[in-house]
Every structure is written in C-alpha cells, then in structure tokens.
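The values are calculated or read from the model by the stated rules, or taken from the named source; none is laboratory data. Everything quoted here is computed from the prediction, not taken from an experiment. Every residue, glycine among them, receives a Cβ derived from its backbone with ideal geometry; neighbour counts consider all protein chains shown.
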Amino acid sequence: MTMTIESLIREANPVARYEVPSIDADSARRLLDRILATPSPRATVRRPRTVVAIAVGALTAVLLTALVLFEIVGQSTPATAVLLRLSNVAATLPRIGAPVPGQFQYTNSLSSDSVEYAQLLNHPYLVNYVSQRQIWVGPDGSGRLLQTWSDPTFPTAHDHVNWVLSGSRSLARLTTDQTFGAKKLADGPTNLWALPTNPTKLAALIARRTIEGGLEGPSEDFVQVGDLLRETDAPPALRAALFRVATKIPGVELLGPTKDHLGRTGIGLAYSAASSDPSRGSEERYVLIFNPTTSALLGEQTVAIDPSTGASTVTTWTSYVATAVVNSTTAVAPTASLGP
Amino acid sequence: MSSDRAKGFERTYSIHFRDIASYVVRRVPRDEVEVVVVNVFVVAWRRFERVPAPPDDRLWLFGLARRCVAEHTRSRARQGRLRAKLADEEFSVEATSSSAPDPRHDLVLTAMAKLKTLDRECLQLVLWDELSHADAAAVLGCSLNAFELRYQRARNRVRDDIDVSVDASTRPTPSALTDVPLTPKEATA
C-alpha cells in the first residue's frame with residue numbers, strides 16, 4: 001500500500017473533527033442560544049413610491065452638486081485635502097537616517113490589550129490590560145522587546161462572574177523582556193528605503209500585497225498604509241507618497257480633531273467596515289490619528305458603532321509615546337519625540 | 001423576528017457547526033476559538049436572508065469563517081509588524097504541540113508552518129476541511145487554475161521539505177511516499 005504526500009498531510013491534521021463538540025452537546029446548544037440572543041437585524045421598511053421618487057431626485061441633485069464641487073476643488077474631498085497637507089508636511093521633514101549597525105529604532109507605545117479566556121464553549125470571560133511595549137529594532141532585524149502590563153480589569157460584571165466560575169485563576173501578567181538575533185525580530189527597517197516613492201508604483205505594490213500579506217480590498221489598503229506610516233524612520237519621500245496613496249483609497253473619512261487615548265489632539269482619519277466582532281456592533285471604524293505638524297502617527301483606535309443608536313465605543317487603542325534612533329537596546333527616546 | 005427564521009438558522013447551525021468549528025480550531029489559538037466561532041455564526045444569523053440555500057450554504061460559511069479568522073488574526077497583529085510576525089508563527093507552535101503518533105506528522109506540520117499563509121490554506125481546505133478543489137478556490141476567491149498552481153506548489157514544498165528533514169530511521173521508502181498526479185477531486189468523482 002502506497003502513501004501519498006496528500007494522505008500524510010491528511011493524517012497529520014492536528015484537530016480531528018470528532019474533537020469538536022457536536023450540536024447535541026450542551027455547550028454547543030448554549031452557544032446557539034448566545035448567537036440567537038444577539039440583536040436581530042432591523043426589518044427592511046418599504047417606502048412609498050412617491051417618497052422613493054423624491055429621494056431619488058434629491059440624491060441626483062446632491063450627486064450633481066458633489067460632481068461640480070469635485071471638479072471645482074480639483075478632485076478633493078475633506079479627507080484627501082488633509083492627506084495631501086500631511087503629505088506636504090512629511091515631504092519637507094529632514095531626512096532621518098535609518099539605524100546603522102549598532103543603532104536601533106526605538107518605539108515606546110501604550111495600548112489596550114484584551115484577552116479572552118475561554119475553554120472551548122465554557123464560561124468565556126474578557127480581561128482588559130494596558131500594555132506598555134518598548135521595542136528596539138536593529139538594521140539586521142535583531143533587537144529587544146520589553147513588555148509590561150497593568151493590573152487586570154473586567155469590562156463587565158458578567159466577565160467577572162465567569163472568571164469566578166472558571167476557577168478564579170491568577171490574571172497577573174509578568175513583564176517579558178526578550179532579545180532577538182538577526183532577522184528574528186523583523187525584516188529590518190532597510191526595506192522601507194527600497195520602496196518606491198512614486199505614489200502610483202507604491203499603491204500598486206500595496207494593492208498586490210507585495211509589501212505585506214493580507215486580505216484584498218480598500219480596508220486592508222488603509223491598514224497597510226497605516227502600518228508603513230507607523231515606521232517613523234521611513235524616508236520623508238516615502239511618507240509623503242504613502243499619504244498620497246491614501247488619497248486614492250475609496251472610503252477614507254476625515255474625522256477632524258481627534259484625541260488619542262493619552263489626550264493628545266491630532267487629525268483623525270478613518271476607514272469603516274463591517275465589524276470583525278459582531279457582538280460589539282455592526283460597523284467598525286479603524287482610526288489613525290496624525291500629528292498635523294510633523295505628520296507622525298500619534299495613535300490608532302478601533303471604534304465599534306452601535307447599529308441602532310449610532311453610539312461609538314473605542315474597543316482597542318494604541319498611543320505612540322516616543323520614537324527615535326538610539327545607540328543601544330537600553331537607551332530610550334524622550335517622550336516629546338512625537339510632538340504634542 | 002419570525003420563528004421560521006430562527007428554526008432555519010438553527011438547522012443551518014446544526015448541520016455546519018462542527019465543520020466550521022473544526023476549521024476555526026485549527027487556525028487560531030485554543031483560547032480564542034470560541035469568540036471566532038461565535039462571530040461566524042452571529043454574522044450568519046444577522047445576514048441569514050443572504051445565506052444561500054443548501055448545499056451552497058456550506059461554502060458561504062467557510063468563506064465567512066475564513067474572513068473572521070483573518071480579521072481576528074489581523075486585529076491581534078495590528079499593533080505592529082512584530083506582532084504580525086509572531087502571529088504568523090503561532091501555527092507552528094499550535095501544530096507541533098499536537099504530539100502526533102507518527103513522527104512524520106510533526107515533520108508535515110513543521111513543513112506546513114513554513115508555507116505562505118495562502119499556500120498552506122490551499123492544503124488545509126482540501127486535505128483537512130475536505131473541500132473540493134473548486135470549492136476551496138471559491139473560498140479563497142481565486143480561479144481554479146490559480147488554486148491548482150498554489151496547491152501543487154504547496155504540496156511539493158511540503159514533500160520536498162520532508163524529504164530533506166526526515167532522518168534515516170523514519171524516512172519512508174520511495175514507494176511508501178509517492179506523489180500523485182494533480183487531479184481535482186470533482187474530476188475524479
């Protein structure tokens with residue numbers, strides 16, 4: 001009897017189907033009850049034809065006006081105007097050299113960190129922490145990662161109850177301090193200097209997911225532009241090009257002055273998409289907050305929008321506290337390095 | 001909310017829960033499985049009018065599960081490239097801890113962990129989730145032709161990797177580990 005590579009891969013399946021509870025199991029039934037208890041979609045309201053006709057007429061008028069305005073202001077929306085302004089700011093910044101051997105790109109950030117503790121289908125509970133993350137990345141991808149966490153908090157009383165039901169395990173998270181050899185921490189910042197600064201070419205690379213992998217679509221485009229703008233050692237021309245790439249992403253919204261979690265005010269730009277966690281709302285807004293003076297990324301937020309009330313809740317956040325090129329994996333940057 | 005709608009959803013859930021949960025449990029850390037499975041079915045419940053009738057509902061749910069897993073992984077990884085890199089490596093950590101009885105299984109899992117995410121997904125959808133090649137291509141949103149190329153490449157890489165890493169004591173004889181012509185399942189059915 002011969003064994004094909006496919007048979008071998010099939011046999012190596014680490015989780016056989018029988019390991020997953022069947023629908024007859026109590027736990028699977030409880031899960032179904034939870035799903036059915038989530039808010040139901042709003043019923044579709046059929047509008048009278050006259051109302052539809054008026055709406056179509058009004059919409060046509062709005063579109064024509066928008067089209068005229070679009071032509072007048074040079075194909076600009078409020079978001080693209082701000083992005084172009086940020087692009088201009090980025091282009092005029094002094095060049096920051098990438099770290100050379102012996103130097104490290106240092107970034108200090110604070111972020112929300114939610115951990116879902118759950119045995120499959122049993123008493124899940126959510127715990128919130130604030131995580132401080134300090135990272136030093138050398139040009140060869142070596143470096144250090146130092147992470148500390150705040151005391152845990154429960155977002156709801158229900159989470160606390162489930163934690164008790166699950167045995168009240170310790171939730172304290174210990175500081176982790178890891179050092180990494182070459183290419184173990186990242187591919188290194190030198191890649192950023194090899195990227196094209198022509199916005200069209202750069203947009204094509206991003207759209208083809210050549211720089212980072214990921215899903216297709218404008219939502220992911222926006223995330224990847226944010227990923228690259230986060231790297232403050234990127235050449236000014238590249239940062240300028242990235243902002244211009246963002247002007248071509250359909251659906252980017254201008255939020256105007258926006259505070260990050262540390263209370264710093266910047267310019268908020270956002271992209272909205274269907275929520276990845278429906279229990280938190282039907283729409284999720286991914287927000288980037290930039291310092292208008294330096295174009296630096298001050299913070300990021302994910303905001304859930306309640307479909308029925310329109311209320312927004314920040315579900316995850318990150319604030320960048322400091323960044324600089326430093327000479328060792330113990331040196332840090334002043335907190336003013338990202339501006340107000 | 002009509003009870004017919006709830007009954008219809010319950011039927012869909014009962015038929016596909018295990019397949020979808022199996023799909024998710026192999027792709028995210030164990031303590032995060034439930035939240036992703038719930039997400040999949042909550043979205044399906046909310047959009048139940050858009051769920052195709054059987055048998056196409058299975059494929060629709062796999063596509064949805066794939067997006068939910070990707071979103072979940074990405075939201076975990078969003079804090080930076082390092083996190084993304086570490087998240088990508090979670091597959092190998094999870095997989096090699098399965099203590100498979102056949103020593104070659106660990107080699108397979110290690111080789112699969114080295115594949116690009118999409119290439120690995122091709123193998124998993126067909127060989128672990130038991131989708132046809134055409135269905136797997138639809139879930140991944142690519143043409144059957146593109147899928148076949150990826151599948152073949154991934155399969156060959158795993159095979160080559162095992163050939164290199166397997167030691168003399170566990171190396172199967174050539175006749176025991178042969179390749180097969182690439183034939184879509186549905187074409188042979």
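Which condition number does A:Asn162 fail, the rest of (1) in a strand (DSSP E or B); (2) at pLDDT below 85 being met?
Tallying (1) in a strand (DSSP E or B); (2) at pLDDT below 85, A:Asn162 fails exactly one: (1).
Just for the stretch B:39-59: of the residues that are surrounded by fewer than 23 Cβ atoms within 10 Å (Cβ to Cβ) and at the interface with another protein chain (Cβ under 9 Å from one of its Cβ atoms), which one is farthest from B:Val69 (Cα to Cα)?
Here the answer is B:Glu49.
One residue is enough: does the stretch B:102-115 have a residue meeting the conditions modelled with pLDDT under 80 and not assigned by TED's automatic domain parsing to the domain that holds B:Leu59?
There is at least one residue in the stretch B:102-115 that is modelled with pLDDT under 80 and not assigned by TED's automatic domain parsing to the domain that holds B:Leu59.
Would you please list the contacts, defined by Cβ atoms under 6 Å and residues six or more apart or on different chains, that run from a residue in the stretch B:31-42 that is of a type in the set (S, T, N, Q) to a residue that is at pLDDT 80 or above and in a helix (DSSP H, G or I)?
B:Asn39/B:Cys68
For the stretch B:1-54, how many residues are among the basic types (Lys, Arg), at pLDDT below 85 and assigned to a helix (DSSP H, G or I)?
4
Restricting to the stretch A:100-117, what's the tally of residues that are modelled with pLDDT under 75 and more than 14 Å from every other protein chain (Cβ to nearest Cβ)?
Residues meeting the conditions: 0.
Go through the stretch A:203-220 and count every residue that is at pLDDT below 90 and over 20 Å from B:Val69 (Cβ atoms).
Number satisfying all stated conditions: 7.
So, A:Thr316, is that one of a type outside the set (Phe, Trp, Tyr) and modelled with pLDDT under 85 or not? First the steps, then the outcome.
Numbers: of a type outside the set (Phe, Trp, Tyr): yes; modelled with pLDDT under 85: yes.
So A:Thr316 passes the test.
Of the residues that sit in the stretch A:291-314 and are outside any loop (DSSP other than H, G, I, E, B) and in contact (Cβ under 8 Å) with a residue 40 or more places away in the chain, which one is surrounded by the fewest Cβ atoms within 10 Å (Cβ to Cβ)?
Applying the filter and picking the extreme gives A:Val314.
Test A:Leu120 against the stated conditions and say whether it is hydrophobic (A, V, I, L, M, F, W, C) and at pLDDT below 85.
So A:Leu120 fits the description; yes.
Within the stretch B:148-163, count every residue that is at pLDDT 80 or above, of a type in the set (Asp, Glu) and more than 16 Å from the chain's Cα centre (by Cα).
2
Could you please find all residues in the stretch B:111-144 being of a type in the set (Lys, Arg) and part of a loop (DSSP other than H, G, I, E, B)?
B:Lys114, B:Lys116
Just the residues that are outside any loop (DSSP other than H, G, I, E, B), more than 20 Å from A:Ala91 (Cβ to Cβ) and over 17 Å from the mean Cα position of the chain (by Cα), please, taken from the stretch A:229-272.
Within the stretch A:229-272, A:Gly256, A:Pro257, A:Thr265 qualify.
What pairs come up if the first residue lies in the stretch A:156-178 and is aromatic (Phe, Trp, Tyr), the second is modelled with pLDDT of 85 or more, and their beta carbons are under 7 Å apart, counting only those six or more places apart or on different chains?
Filtered contacts from the stretch A:156-178: A:Trp163/A:Phe154.
If we scan the stretch A:92-99, do we find a residue that is more than 27 Å from A:Gly268 (Cα to Cα), touching an Asp or Glu at 6+ places or on another chain (Cβ under 8 Å), buried (at least 18 other Cβ atoms within 10 Å of the Cβ) and within 11 Å of another protein chain (Cβ to nearest Cβ)?
Checking the stretch A:92-99: not a single residue is more than 27 Å from A:Gly268 (Cα to Cα), touching an Asp or Glu at 6+ places or on another chain (Cβ under 8 Å), buried (at least 18 other Cβ atoms within 10 Å of the Cβ) and within 11 Å of another protein chain (Cβ to nearest Cβ).
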